[in-house]
Amino acid sequence: MLQIAIIDDEPLALQYLDLLLRKIEGVHVSGKCMNPEDLIQHIQTEQIDAVFIDIHMPAMKGTDLAEQLLNINPSLHIGFVTAYDNYAIKAFELNAVDYILKPVKQERLAITVQRIIERKMTDQDKAVENRTTVLRDLGALQIYQGNKRIDIKWRTSKAKELFAYFIHHHEDTIRKSELIDLLWSNLPWEKANAQLYTTVYQIRKVMQQIDAPIKIISQKEFYQIDIDYDVQIQSREFKLAAYDLLKKENINTEQYFKVLDAYQDEYLAGLDYLWAVSERKILRDLWLELIIRLSAYLHRYEKSSSYNISKLRGLTDFDAEAAEIVKEKSWI
């Protein structure tokens, strides 16, 4: 539920804005104020997501009030409501969500509320990203903590492949004999077993050095990777999101682009692991299906010069087949 407070020195305007907001699903008007002091106190004591402020008030200009409120709560989303349009530049200097001219229309207000919701979701996503470990495996295998890529120097190529294999089977227990057959089948058993033990030790040391919440647990004849709940595996997130989009009849372009943007290249690109071939095909087929559906949708509803068309071309230009799909659908 979006918690919104509103302020206007005119009682009828305040009541009217309250009425319009209450008609919008998912909105709760937590406070109606006619003077800045009351609103400041409300923001200090309540958890508020957004504020709609009338710019022209006798006690204080709405833009000055907004600055004070942002000092109290920097994450507050501000929407200005006014009968004049000469404060727009100042409003957007304050990173206002929107600038609505009176008389306020229900449809126009609903658009502003939707923008607030989208901004709030973006802020939440950024907050999660800043503290989340992400295993990026669509493209080169990389580890990110927040938005920072961690530079990892694997002792051996076997250590890197074994780590990738553990991530690939993050939901499974894996027999040690399976790992030996995979990586050291050319060695005698005792030597191969020693190599496995040493390589697992190297991976553990790397995870400790970068302080990643990832552990490899040994259980008699098995290994299992233990990953904290807040660690994201890029290919898994992509797959779940892609399946979810493809189940829906309606197409939301913003959601499609968000999912497509994650696919920078094929699964474990540049790593010639035979065990990854099947998953690589599954993920690429999902990606192509999303492109086919989005291309058809944009072909139907948008012009060939639209921003979305250019964006889709940019996301697919590294893959000849995908680029051809977009080209075929794109108004040739």
(message) Pairs needed: first member in segment 27-45, among the polar types (S, T, N, Q); second member anywhere, at pLDDT 95 or above and open to solvent by less than 20 Å² (accessible area, probe 1.4 Å); C-beta distance under 6 Å; at least 6 residues apart or different chains.
(response) 30/5
(message) For segment 243-256, give me each residue that is in a helix (DSSP H, G or I) and either under 14 Å from residue 296 (Cα atoms) or not hydrophobic (A, V, I, L, M, F, W, C) (or both).
(response) 243, 244, 246, 247, 253, 254, 255, 256
(request) Can you tell me which residue within segment 84-98, out of those that are open to solvent by less than 70 Å² (accessible area, probe 1.4 Å) and in a loop (DSSP other than H, G, I, E, B), is modelled with the lowest pLDDT? (result) 87
(request) With the checklist (1) farther than 13 Å from residue 326 by Cβ; (2) more than 15 Å from the chain's Cα centre (by Cα); (3) part of a helix (DSSP H, G or I) in hand, flag the one item residue 265 doesn't pass. (result) (3)
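Conditions tested, residue by residue: (1) open to solvent by less than 50 Å² (accessible area, probe 1.4 Å); (2) in a helix (DSSP H, G or I); (3) without any contact (Cβ under 8 Å) to a residue 12 or more places away in the chain.
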site: 164; (1), (2), (3): yes, yes, no
site: 167; (1), (2), (3): yes, yes, no
site: 172; (1), (2), (3): no, no, no
site: 179; (1), (2), (3): yes, yes, no
site: 192; (1), (2), (3): yes, yes, no
site: 208; (1), (2), (3): no, yes, yes
(request) Out of the residues in segment 223-233 that are over 18 Å from residue 198 (Cβ atoms) and not acidic (Asp, Glu), state the one that is nearest to the chain's Cα centre (by Cα). (result) 232
(request) Taking only segment 228-254 into account, find how many residues are modelled with pLDDT under 95, under 22 Å from residue 136 (Cα atoms) and open to solvent by less than 40 Å² (accessible area, probe 1.4 Å). (result) 1
(request) Being surrounded by fewer than 21 Cβ atoms within 10 Å (Cβ to Cβ) and under 17 Å from residue 6 (Cβ atoms) is the filter here, so list the residues in segment 65-81 that pass it. (result) 68, 70, 72, 73, 76
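The values are calculated or read from the model by the stated rules, or taken from the named source; none is laboratory data. Note that the coordinates shown come from a computational prediction; the quantities given were computed from them, not determined experimentally. Here the Cβ is made from the backbone with ideal geometry for all residues, glycine too, and neighbour counts use every protein chain on show. Just so you know, the surface numbers come from the protein's heavy atoms only, side chains and all, with ligands and any DNA or RNA stripped out. Shrake-Rupley method; radii C 1.70, N 1.55, O 1.52, S 1.80 Å.
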